[in-house]
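Some notes on the structure that comes next.
The values are calculated or read from the model by the stated rules, or taken from the named source; none is laboratory data. As the structure is a prediction and not an experimental result, all values here were calculated from the model. Positions of Cβ are generated from backbone atoms using ideal geometry, with glycine treated the same way; all protein chains shown enter the neighbour counts. Ligands, DNA and RNA are stripped out before the accessible areas are found, and what is left, the full protein with its side chains, is counted by its heavy atoms. Shrake-Rupley method; radii C 1.70, N 1.55, O 1.52, S 1.80 Å.
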Number of protein chains: 2
Amino acid sequence: MSPSSASPLLVVGSVGLDTVETRAGKRADVLGGAASYFSVAASFLAPVRLTGIVGTDFPEAHTQLFGAHAVDLAGLERVPGKTFRWSGVYAQDFSTRTTLDTQLNVFSDFRPKLPPAWTDSPYVFLANIDPVLQLSVLEQAEKGGGVGSLPRFVACDTMNFWIEGKRADLLKLLKRVDMLLLNDEEARQLSGEANLPAAARAIRALGPRAVVIKRGDAGALLFHEGGVFAAPAFPIENVVDPTGAGDSFGGGFMGWIAREGDTSPATIRTAMILGSVLASFSVEDFSLDRFKRLDLSQIRERFAAFADLVHFEKIKI
Amino acid sequence: MSPSSASPLLVVGSVGLDTVETRAGKRADVLGGAASYFSVAASFLAPVRLTGIVGTDFPEAHTQLFGAHAVDLAGLERVPGKTFRWSGVYAQDFSTRTTLDTQLNVFSDFRPKLPPAWTDSPYVFLANIDPVLQLSVLEQAEKGGGVGSLPRFVACDTMNFWIEGKRADLLKLLKRVDMLLLNDEEARQLSGEANLPAAARAIRALGPRAVVIKRGDAGALLFHEGGVFAAPAFPIENVVDPTGAGDSFGGGFMGWIAREGDTSPATIRTAMILGSVLASFSVEDFSLDRFKRLDLSQIRERFAAFADLVHFEKIKI
C-alpha cells in the first residue's frame, strides 16, 4: 500500500473496542484506540509496526483490517482476558463528548516489548499511554544496533490524566522526544499558559523542538524551528464520528515523515496537511470505516482541496 | 493615507466610549464602537465615510484620530446628550468577556441619514446595529443617482440580540446584501445548524452570496461562489485587548475590496487575509491605540508573515 522507499514507522498505543453514539447513529464494540486510528491512517503513506495489546475476544475482522493495510502486528500481544473498551456519547453539535464507561481490561497490565527486529525503527510515535510505558518503548527503540540505529524522529501524544497524575515521568519523556502533539486544553494544562503561542514556547523549553497543538475543527498549529505553521481543519459538513480524528492526524503526519525520510521544516509543514487530510476522512464515518474505502487518489484529491482552501494571491499592498 | 485610486467605503455603526479591563490592565472611556474600529482599520486601504452618532461629551482627541486617518465624518452626527458607553471585563485567558454596563444614550434615538453626496458610495458596510437602521441606510445608498450608482458590494454584520429579537427585519435585510459577516455562535443561532459549513449553506440560501464566519483566535471561514477559504488568525502571544478585533477584520476586509474596486473570488480571498492582518494588530493594544502607530509597511510585513504561516509545498503524493 505504501511506497517501498518509505521507512518503517513504529507506534505504541491503545487498541480497543469502542461503543459510540453520535447524532448520526450508534455503533457497539467497533474497532477503536489511538494506535488503531494512527496505524491505519499512516499505512497509506508508510509501512507501520504496531505495538499494543488485545484480549482473546479481539475480533478476527479487526485483525484482518490491519492486515489489509499491511500494518505489521508482530508487536501486538494477544493475552487471555478482555480487550480495552471505551464507550461514549457526543452532544448533538459535537461540541462535547461524555465518557460513559472505560474498561482497561488487559491494557492495565500492558508492558510493551518490541520485537527485536523493530528496535531499528527510524520513526517512532508514542501514542497517548502512561509516560512510563512511552519511555520504556523509547528506550527499547534506542537500544537497537548502536548509535547509527537511533530513531531519527520521535513524537509523542499525551492527555490531561498523565499531565496531572504523572507529570514527573512525562517531563522526563519530553526531554527525549523531538515533537509533542497535544490538544489545546492539554497544552494549556501542561504549560500553565492560556495563550497558545506562549504555551508552545513553554513546552518547547521542556525538550521537544516541535510542538503541534490540535484544535479539532479549528485546525492545528505547529511551532518549530521553521516558525509557526497553521493548518486549518478541512470543513466537513457531514461529520459522523469525531473519535480518533486526532490520532488519524498523527498517523497522516508521521506517515508522511516516514515516507519522505526527512524532517526538514518544509516536510514537517506538508506532514501537517497530510495529518489534517487523514483526520478529515476519519470523521466521515464511524470507527475506522472511512479508511476501508479510502485510497491514495482520494488523499491526493483532498490534499489539492486543502491547497485551494488556504490559497490566496501574494499581492502587492 | 489610502491610495487615491481606491473607491469610497461607507460604514454605519456604533461609535462609543469603552471602559475595558483585561489581564493587561484597565482603560476608561477610550474610543470604541464597531464603526470606529472598522473605519480606522479600513482607512489604511481606502477612503472611509463614517455614519454614526455621538454626544456632546465625545472627546476632541477621538475626532482628531479619525481625522488623522482621513476618515470623513460628514455623516457623524453630534447631538446633545451622552455618547454610547460600554463597559466590560475579559477573563484572564480571554476565553470569555462579561459586559458590566451598556448605556445607549444618544444611540437609542439614532436615525442614520446619509449626507446627499454619500449616496453614490460603491462599497457599503452595515456594522452591527438594528437591522431596521441597516436597511434604512442601504435604501438611502441605493437611491443615489440612478441605477449606475447602486452600491457595487454591500456587507453587513449582526449579533445574537437582533437574530433573536428582530429576525424578520434581519431576514429582509439579508435578501439585499452581498455578504454577511458574523461569528460562529451567531451563525449557528441564525441557521439552526451546529456545523459551520451547513450553517453557511443555510445562510447563503437566505440571500447573501458570501458568508464570513469569524471564529476569534481560530480564524475566519469564507463561503462563497469561489468555494471555501480558511484564514487562520495570526498567532499573537501578547494579546492586550480583543475588543473590536472582529470589526477591525471587517475594516481590513472591506478596505481591500474598496481599494481594488473588485469583488472577484480572488480579491475576496485576499480581503480575508487583510481582515485578519488588521484584526491581529487591533488586539495588540487597548482601544484603537495600535492603529495610531501602524503604517502600510507593517501591514505589508504581516501580510507576508501570513503567507508564510499557511505556506506548504504542493508535493506529489
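Springs between alpha-carbon atoms under 10 Å, Gaussian network over chain B: tell me which of B:Ala42, B:Ala198, B:Ala233 tops the mean-square fluctuations. In the Gaussian network model the winner is B:Ala198. Reducing region B:105-124 and region B:179-251 to their Cα centroids gives an inter-centroid distance of 25 Å. In order along region B:127-136, the phi-based Karplus estimate (6.51 cos²θ - 1.76 cosθ + 1.60, θ = phi - 60°) of 3J(HN,Hα) comes to 5, 5, 9, 3, x, 5, 6, 4, 5, 4 Hz; Gly and Pro are listed as x.
Label-point spacing for B:Ala70 across the identical copies (point 7 Å from Cα in the Cβ direction), in nm and ascending order: 6.2.
Distant-in-sequence amide contacts of B:Ser7, defined by a placed amide H-H separation under 5 Å and a gap of 5 or more residues or a different chain, comprise B:Arg259, B:Gly261. Rg ratio for region B:47-141: its Cα radius of gyration over 2.2 N^0.38 Å, N being its residue count, equals 1.23. Extending 7 Å from Cα along the Cβ direction at B:Ala61 and again at B:Leu296 yields two label points whose distance is 2.9 nm.
Would you work out if region B:26-83 is rounded, prolate or oblate? Take a ≥ b ≥ c from the square roots of the eigenvalues of the alpha-carbon gyration tensor; rounded if a/c is under 1.5, else prolate when a/b is larger than b/c, oblate otherwise.
It is oblate, given that a/c is not under 1.5 and a/b is not larger than b/c.
Relative contact order, whole percent, for region B:188-231 stands at 24, derived from Cα pairs under 8 Å and 6 or more residues apart. Here the Karplus curve 6.51 cos²θ - 1.76 cosθ + 1.60, taken at θ = phi - 60°, turns the phi angles of region A:176-187 into couplings of 10, 10, 7, 8, 10, 10, 7, 8, 4, 5, 5, 4 Hz, with x standing for Gly and Pro.
For chain B, the gyration tensor built on C-alpha atoms gives a rounded shape. Its axis ratio a/c (a ≥ b ≥ c) stays under 1.5. For A:Lys82, the residues whose modelled amide H falls within less than 5 Å of its own, excluding neighbours fewer than 5 places apart on the same chain, are A:Val106.
Sorted from shortest to longest, the distances between the A:Leu150 label points of this copy and the other copies are 6.9 nm, with each point 7 Å from Cα along the line through the beta carbon.
The residues of region B:209-231 listed by number as losing at least 40 Å² of accessible area in the complex, against the isolated chain and with a 1.4 Å probe, are B:Arg215, B:Asp217, B:Val228, B:Ala230.
Accessible surface for the protein assembly as shown, divided over its residues, is 38 Å² per residue with a 1.4 Å probe. When accessible surface is computed with a 1.4 Å probe, chains B and A are found to bury approximately 3700 Å² between them, both chains counted.
For B:Arg111, neighbours were defined as the other residues whose beta-carbon sits under 12 Å from its Cβ, and their charges (Lys and Arg +1, Asp and Glu -1) total -2. Residue-wise HN-Hα couplings along region A:288-301, as the Karplus relation 6.51 cos²θ - 1.76 cosθ + 1.60 with θ = phi - 60° gives them from phi, are 9, 4, 5, 5, 5, 10, 9, 9, 5, 5, 5, 5, 4, 5 Hz; Gly and Pro carry x. Summarising the amide proton neighbourhood of B:Phe153: residues at separation of 5 or more, or on other chains, whose placed amide H is nearer than 5 Å comprise B:Val124.
Taking GluC sites (Glu not before Pro) in DSSP loop conformation with at most 11 other Cβ atoms inside 10 Å as exposed sites, chain B has its longest uninterrupted site-free stretch at B:1-224. The mean sequence distance of close C-alpha pairs (under 8 Å, at least 6 residues apart), as a share of the length of chain B, puts its relative contact order at 17 percent. Starting from the label point of B:Gly192 at 7 Å along Cα→Cβ, the same points in the other copies fall at 4.9 nm, in ascending order. Region A:260-317 and region A:33-86 have Cα centres separated by 24 Å.
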